[in-house]
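All of the numbers you see were taken from the coordinates with simple rules; none came from a lab. None of the values given here were measured: they were computed from a predicted structure. Note that each Cβ is placed from the backbone with ideal geometry, even for glycine, and that neighbours are counted across all protein chains shown.
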Amino acid sequence: MSKSVVAAKFSFPLDANIAKANLESAGIPSFIADEHTVNMQWLYSDAMGGVRLFVPEEYLQDARKILSEDFSAAVDSLCHSQPESCPHCGSQNVEPHTKGKRPAFLIFILAGFPLFFYQHGLKCSQCGYFWKT
Ligand SMILES: [Zn+2]
């Protein structure tokens, strides 16, 4: 068996799953692990510390190429039109936030494309307000 290396790192399991799907559609095997485990326990980690996407070493270059093309475009379309200040308190101290990771992951398995069911939004670090985008 070949050695696995980290192809990319993500804040959210959903993002890692989108990337994984992109790689698999290109015929590149991959798997996901969080900071502390190399198995499916990452589902329960609630994205603490980030999620890593592994590929076999010989696929690393191809994987990085695909991730830098397809995935960045997908992220741009998701994130770049979002407002950057909190509608509740006006703070600009906000960060991308997602809800419903596990249901979305199950839908991803079943339907292969969870974005329409996924609550993607921003969370205010100042007052904790979450709003959908
Ligand atoms: Zn706020």
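Backbone amide hydrogens, once placed in the peptide plane, bring residue 122 within less than 5 Å of 97, 131, 133, excluding anything fewer than 5 places away on its chain.
In this simple spin-label model, placing a label point 7 Å from the Cα along the Cα-to-Cβ direction at both residue 2 and residue 92 gives a separation of 4.5 nm.
Near residue 8, the amide H atoms lying under 5 Å from its own belong to 53; only residues 5 or more places off or on other chains count, and H is placed 1.01 Å from N.
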